[in-house]
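Below: one structure, written as structure tokens.
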Amino acid sequence: MFCYVKQTDECTFILTSQYLHWSLFINILLHLIQLPSPQRVLFLSSLHHLIPLPTLNQLNYPLFSFHSHLPQQINQPSSGCLSSLLCLPITQLMMLFSSILNERRIIIQSNSAQKISEFIVSLLEIFSPLKWQHLLVPFLPIKYTELTETPTPFIIGVDPSIMEIIDLFDIIVFVDIDKGIIKSTDSTIIKSDYELIPSKWINSITNTLKPIYSHSETVDDKNIIIKKAFNELMNCFIKDIEIRIRSMIETNTEYNVKEFYKDYFFLGEERKFIEMFSKTAAFDQFVLETEQKYKSEGIKLKRKPSLLSWFNKEELIDVDNATLITPTKENQQLFNLL
């Protein structure tokens with residue numbers, strides 16, 4: 001819900017939607033622009049679902065209700081403004097992306113509310129198919145600055161004037177998209193998050209995006225390149241995890257998820273990343289949705305009450321052969337390292 005109050009005119013403008021408020025508002029404006037002047041009045045008059053609202057003078061003002069069929073929900077937006085991410089240098093962009101994967105408390109600042117909204121929507125889009133599970137405020141009203149004090153992860157957009165009255169504490173990642181900088185109240189946290197991302201992933205994104213920082217591609221071309229680069233990255237490890245989880249579920253065998261990931265990523269850079277990622281709410285939601293999808297496909301699950309409480313301390317899974325591995329003298333050293 002978005003609410004705008006103008007006290008001098010004694011009026012309140014409220015939009016309630018499952019979509020970003022500015023998307024709905026722009027959709028209404030675009031429709032009005034296409035109409036000749038007389039029809040604009042008729043269009044507004046046709047929005048006949050009126051709700052009396054008390055004002056300071058106890059008068060009844062109508063609230064027009066307009067339902068707009070937008071193509072995408074907020075969890076997988078199609079913003080068309082991915083190029084707004086290029087306001088950050090590529091290294092800073094990857095640092096911010098790693099902070100999102102680590103579910104940090106993130107404040108994004110700009111003098112333009114529209115710029116912040118577009119930037120945050122773009123972040124959600126490159127995060128897809130994962131979904132941000134925590135507090136999300138595209139633009140924070142000054143009277144709700146206490147939301148920045150919540151101990152849970154968040155992504156909040158703010159005007160620079162609000163930063164003067166916010167008490168920054170604990171670990172907060174701060175992004176100024178006007179100046180193209182990212183910093184934190186803990187100078188080591190951004191670097192540590194960044195180092196968790198496998199270098200081959202960073203190199204892949206960097207090699208793809210670096211040319212569009214210096215070349216004069218159109219905005220649409222830049223959007224396509226950015227979307228493709230991050231989609232390939234996200235789908236690479238998400239789809240692989242999904243396939244391996246499914247292969248183990250289909251064996252109808254109880255297994256230890258933690259040990260599974262340690263085994264699979266043991267020899268690669270991905271191990272540290274996946275150990276971190278498997279503790280996030282985005283991962284939990286992904287597992288839940290994967291399970292629901294398998295159930296809808298008729299795949300039977302043999303499991304304990306909670307996926308994250310599956311325990312099989314003495315056995316690992318060979319995901320390629322779908323068999324159990326029991327520690328022996330030959331592989332005992334490997335298990336000690338785990």
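The numbers here are math on the coordinates, done by the rules we state, and not lab data. Everything numeric in this text was worked out from a predicted model, so none of it was measured. In this analysis, Cβ positions are derived from the backbone assuming ideal geometry, glycine residues included, and neighbour counts consider all displayed protein chains.
Its relative contact order, with pairs defined as Cα atoms under 8 Å and 6+ residues apart, puts the range 113-220 at 17 percent. For Asp193, Asp240, the sequence from fewest to most other C-beta atoms within 10 Å is Asp240, Asp193. Under a 5 Å amide H cut-off, with hydrogens placed 1.01 Å from N, Gly157 pairs with Ile108, Val137, Phe139, Leu140 among residues at least 5 apart or on other chains.
Compared with the direct C-alpha span, the chain from Thr185 to Thr150 gains 11.1 nm at full extension, assuming 0.36 nm per residue. Could you list the chymotrypsin sites (Phe, Trp or Tyr not before Pro) in the range 162-216 that lie in coil according to DSSP, counting only those with at most 16 other Cβ atoms within 10 Å of their Cβ? Here the sparse-neighbourhood loop sites are Phe169. Sparse packing (at most 13 other Cβ atoms within 10 Å of the Cβ) combined with a DSSP loop state is found for the following trypsin sites (Lys or Arg not before Pro) in the range 163-220: Lys179. The label point for Asn207 and the one for Glu297, both projected 7 Å from the Cα toward the Cβ, are 3.1 nm apart. Between the range 139-170 and the range 97-136, the C-alpha centres lie 14 angstrom from each other. Here each label is just a point 7 Å from Cα along the line to Cβ, and for Ala281 and Lys239 those points are 2.9 nm apart.
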